[in-house]
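Asker: First the structure, which I've put down as structure tokens, then a few questions once you've had a look.
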Amino acid sequence: MKTLRLILGDQLNPNHSWFKKTDNEIYYVLMEVKQETDYVLHHAQKILGIFAAMRDFKVFLTKHNHQVIYIKINDKANQHSFKSNLTALFKAHKIKKFEYQEPDEARLDEELKSFCSQINLPSKCVSTEHFFTSRQEVKEVFENKKQWLMESFYRYMRKKHQILMKDVNEPIGSKWNFDNENRKAWNGTPKTLKDARPKHNHSALWNEILKAKIQSFGKHNASQFLWPLNRQEALKHFDFFVKNVLVHFGDYQDAMHKDETRMFHSLISFALNTKMLSPHEVIRKVERSYHDNQISINTAEGFIRQILGWREYIRGYYWANISSLNNENYFNHQLPVPSWFWNGQTQMNCLQYSISQSLNEAYSHHIQRLMVIGNFSLLAGIHPQELHHWYLGIHIDAFEWVEMPNTIGMSQFADGGKLASKPYVSTANYINKMSNYCEGCHYSKNEKIGEKACPFNSLYWNFFSVNATKLAKNPRLGIVYKQLRDMNPDLLKNVLSQAHRYIQSIETL
Ligand code: FAD
Ligand code: DLZ
Ligand code: SF4
């Protein structure tokens, strides 16, 4: 039966069972559509990376004798929506059946479900065969439990998939989690390695994107594009990481530095989220490296936890909470995203470095996203949904299923603490401990009040003071509220008015 199979821009997995055999009756379609480029303002590298990887995937499929229809951004017949393009293709190719893989984003999931109910063709939705868990599994693990806890889900996953286990119920190293050993600052040693990713020249593709008049922001770096764009490149990149970089991942996971954009992070999120790499193979390789005595247990466990634990947990949380996630705003924060989030021009060094890095590279690592950008946004009172759109656009790895729970839940506590047990916020003290950003900053890391006082210091106490009714009973915040109660009342008054002045003048910080 003549069948049309849709492949989305984040479904570029050559090992999917769809491609195991060729069939004259099956057509695959990939399409570059404004529906997807324009639903949020995207970083230039995200659009470029997705299009280039989709085009590469088309070459792969064709080489393996599959029939592929590829709709380019400037094709005359392109109607720029999945539904319209598919309808036209059904007619032009006399299609009798439609199939697609589960979209990872609820918006598209609903759209394609409703489309299938309207067309007069049989249709089928199949698994992407990518994740360890089904969409519902995390929810089922927490059914009837009061609190969602990543740690208990993670232990369930370790046991279920027998990863880093001594025997059925006993973890290697006799501990499930070595997080306490992952907190070192970095002061220049061990040496970081030069970025070994291949450079692509995608200037021609960038010109096509310009011609299509797609709005974007950030540096496109089209002539020296660094992200792996197919499975071979992604595998090479990941193998290099495991062999040379991973050894330091665990120790320096939370470290930040002015001269180092990557530290010892893997940079595999784009390849993973577009499904060029599978989380199963990534985890098995890291586990093997531990068994071959190449890395310590704290490194292996720390890295595996990010993927087997956090990544799957975050996805399950997304599907379980999608109906409310779009409206969550626990603290009723209303400030718009400051204009300097779009150009990096702020006097706060930590934010200037982290945001500029995201604008230049479409990437910042976890601690920059959480403990610099997210930390400031929560303390200042930025609207969580607006911030979510900023995060969704700016990073090359950003897809709603993973970005939204991280922003709304983990970083902004806008769900009232369902995902995180306490807000991830800090004063300058933490940022100074984990980075060298405070050196040479316009603001003084040690001051709470005064013209040069670091904004984090007053905003921190203001946040806890203003939100006491919502947070004071949290058992993990007992010490914070004790410190607040013990603070000299005059000092507290000055700190709060300093914070208000900073919030009023957020555009010029
Ligand atoms: P590494 O530090 O090398 O970690 C390895 C892998 O672990 C990552 O590639 C990722 O797949 C996984 N991982 C680690 N932490 C998380 C997490 N919290 N949630 C899910 N997976 C995780 N990750 C995205 O993939 N897309 C996003 O859009 C995204 N947005 C985020 C927004 C905020 C506010 C925060 C706090 C975190 C966000 N993360 C996101 C999680 C994390 O920051 C990135 O996965 C990581 O920085 C990607 O870089 P890396 O590949 O070098 O990761
Ligand atoms: C992110 C993105 C962009 C920018 N462009 C396209 C596109 O033109 N065609 C496409 O199929 N996919 C694109 N994507 C990825 C989709 O937005 C992604 O598949 C959905 O968000 C589901 O996760
Ligand atoms: Fe950031 Fe404050 Fe340190 Fe400046 S002093 S880098 S604003 S934490």
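Asker: Kindly establish whether Lys146 is assigned by TED's automatic domain parsing to the domain that holds Ile307 and either in a loop (DSSP other than H, G, I, E, B) or open to solvent by 80 Å² or more (accessible area, probe 1.4 Å) (or both).
Answerer: On the way: assigned by TED's automatic domain parsing to the domain that holds Ile307: yes; either in a loop (DSSP other than H, G, I, E, B) or open to solvent by 80 Å² or more (accessible area, probe 1.4 Å) (or both): yes.
Spelling it out, Lys146 is indeed assigned by TED's automatic domain parsing to the domain that holds Ile307 and either in a loop (DSSP other than H, G, I, E, B) or open to solvent by 80 Å² or more (accessible area, probe 1.4 Å) (or both).
Each row is one residue, and each column tells you yes or no for (1) under 25 Å from Ser266 (Cβ atoms); (2) of a type in the set (Gly, Ala, Ser); (3) touching a helix residue (DSSP H, G or I) at 6+ places or on another chain (Cβ under 9 Å).
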| position | (1), (2), (3) |
| --- | --- |
| Trp176 | yes, no, yes |
| Ala185 | yes, yes, yes |
| Gly188 | yes, yes, no |
| Leu193 | yes, no, yes |
| Arg197 | yes, no, yes |
| Ser203 | no, yes, yes |
| Ile209 | no, no, yes |
| Ile214 | no, no, yes |
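Asker: Related question: Which helices (runs of 4 or more DSSP H) does region 34-126 wholly contain that include 3 or more residues that are surrounded by fewer than 13 Cβ atoms within 10 Å (Cβ to Cβ)?
Answerer: 106-118
Asker: Also, quick follow-up: Taking the criterion of being hydrophobic (A, V, I, L, M, F, W, C) and open to solvent by 50 Å² or more (accessible area, probe 1.4 Å), would at least one residue in region 240-249 satisfy it? Break it down into steps so the answer makes sense when it comes.
Answerer: Just the residues of region 240-249 that are hydrophobic (A, V, I, L, M, F, W, C), to begin with: 240-242, 245-247, 249.
Still in the list and also open to solvent by 50 Å² or more (accessible area, probe 1.4 Å): 240, 247.
Checking region 240-249: at least one residue is hydrophobic (A, V, I, L, M, F, W, C) and open to solvent by 50 Å² or more (accessible area, probe 1.4 Å).
Asker: I would also like to ask the following. Condition first: β-branched (Val, Ile, Thr) and outside any loop (DSSP other than H, G, I, E, B). Can you find one or more residues in region 437-458 that meet it?
Answerer: no
Asker: Can you work out which of the residues in region 348-374 that are more than 18 Å from Ala428 (Cα to Cα) and out of contact with any Gly (no Cβ under 9 Å at 6 or more places or on another chain) is farthest from ligand 2 (Cβ to nearest atom)?
Answerer: The residue in question is His365.
Asker: Which one of the conditions (1) touching a residue at least 60 places away in the same chain (Cβ under 8 Å); (2) within 15 Å of ligand 2 (Cβ to nearest atom); (3) touching a helix residue (DSSP H, G or I) at 6+ places or on another chain (Cβ under 9 Å); (4) not hydrophobic (A, V, I, L, M, F, W, C) does Glu36 fail to meet, given that it meets all the rest?
Answerer: Of everything listed in (1) touching a residue at least 60 places away in the same chain (Cβ under 8 Å); (2) within 15 Å of ligand 2 (Cβ to nearest atom); (3) touching a helix residue (DSSP H, G or I) at 6+ places or on another chain (Cβ under 9 Å); (4) not hydrophobic (A, V, I, L, M, F, W, C), Glu36 misses just condition (1).
Asker: Still on this structure, I have one more. So Tyr318 passes all but one of these: (1) under 26 Å from Pro384 (Cβ atoms); (2) more than 16 Å from the chain's Cα centre (by Cα). Which condition number does it fail?
Answerer: Failing condition for Tyr318: (2).
Asker: A follow-up question, please. Can you pull out the residues in region 345-378 that are within 24 Å of Tyr252 (Cβ to Cβ) and among the small types (Gly, Ala, Ser)?
Answerer: Ser354, Ser356, Ser358, Ala362, Ser364, Gly374
Asker: Quick check on my filter: what residues within region 428-443 are open to solvent by less than 30 Å² (accessible area, probe 1.4 Å) and more than 13 Å from Leu351 (Cα to Cα)?
Answerer: Within region 428-443, Met434 is the sole residue that qualifies.
Asker: Go through region 211-232 and give me each residue that's over 17 Å from Ala362 (Cβ atoms) and in contact with a strand residue (DSSP E or B) (Cβ under 9 Å, 6 or more places away or on another chain).
Answerer: None - no residue of region 211-232 is over 17 Å from Ala362 (Cβ atoms) and in contact with a strand residue (DSSP E or B) (Cβ under 9 Å, 6 or more places away or on another chain), so the list stays empty.
Asker: Kindly provide the set of residues from region 316-354 that are open to solvent by 10 Å² or more (accessible area, probe 1.4 Å), farther than 19 Å from Asn375 by Cα and either small (Gly, Ala, Ser) or in contact (Cβ under 8 Å) with a residue 60 or more places away in the chain (or both), ordered by number.
Answerer: Listed by number, the residues that qualify are Trp319, Ala320, Asn321, Ile322, Ser323, Ser324.
Asker: (1) among the hydroxyl-bearing types (Ser, Thr, Tyr); (2) in a helix (DSSP H, G or I); (3) out of contact with any strand residue (DSSP E or B) (no Cβ under 9 Å at 6 or more places or on another chain); (4) open to solvent by less than 20 Å² (accessible area, probe 1.4 Å): which one isn't true of Tyr363, the others all being true?
Answerer: Condition not satisfied by Tyr363: (2).
Asker: If you take the residues in region 410-419 that are open to solvent by less than 20 Å² (accessible area, probe 1.4 Å) and not in a helix (DSSP H, G or I), which one is farthest from His220 (Cα to Cα)? Can you show your working first?
Answerer: Filtering region 410-419 down to residues open to solvent by less than 20 Å² (accessible area, probe 1.4 Å) leaves 410-414, 417, 419.
Filter again for not in a helix (DSSP H, G or I), leaving 412-414, 417, 419.
Working: Gln412: 29, Phe413: 32, Ala414: 32, Gly417: 37, Leu419: 34 Å.
Taking the candidates together, the pick is Gly417.
Asker: Filter region 1-12 for residues that are modelled with pLDDT of 95 or more and touching an Asp or Glu at 6+ places or on another chain (Cβ under 7 Å); which is nearest to ligand 1 (Cβ to nearest atom)?
Answerer: Here the residue is Asp10.
Yes or no, residue by residue, for (1) part of a helix (DSSP H, G or I); (2) within 16 Å of ligand 2 (Cβ to nearest atom):
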{"site": "Gly393", "(1), (2)": "yes, yes"}
{"site": "Trp401", "(1), (2)": "yes, yes"}
{"site": "Ile408", "(1), (2)": "yes, no"}
{"site": "Ser421", "(1), (2)": "no, no"}
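Asker: Condition first: touching a strand residue (DSSP E or B) at 6+ places or on another chain (Cβ under 6 Å) and either at pLDDT below 95 or near ligand 2 (Cβ under 7 Å from one of its atoms) (or both). Now tell me which residues in region 18-33 satisfy that.
Answerer: Leu30, Met31 - these are the residues of region 18-33 that are touching a strand residue (DSSP E or B) at 6+ places or on another chain (Cβ under 6 Å) and either at pLDDT below 95 or near ligand 2 (Cβ under 7 Å from one of its atoms) (or both).
Asker: So which pairs qualify, if the first residue must be in region 189-211 and of a type in the set (Phe, Trp, Tyr), the second must be open to solvent by less than 90 Å² (accessible area, probe 1.4 Å), the Cβ gap must be under 7 Å, and the two must be at least 6 apart or on different chains?
Answerer: So the pair list comes out as Trp206/Leu48; Trp206/His220; Trp206/Ala222.
Asker: Just give me the residues in region 179-188 being under 15 Å from Phe303 (Cα atoms) and crowded, with 18+ Cβ neighbours inside 10 Å, in sequence order.
Answerer: Hit for region 179-188 is Asn182, nothing else.
The values are calculated or read from the model by the stated rules, or taken from the named source; none is laboratory data. Since this is a predicted model, take the numbers as computed values, not measurements. Heads up, the Cβs are rebuilt from the backbone with ideal geometry, glycines too, and the neighbour counts pull from every protein chain shown. These accessible areas exclude ligands, DNA and RNA; they are computed on the full protein's heavy atoms, side chains included. Shrake-Rupley method; radii C 1.70, N 1.55, O 1.52, S 1.80 Å.
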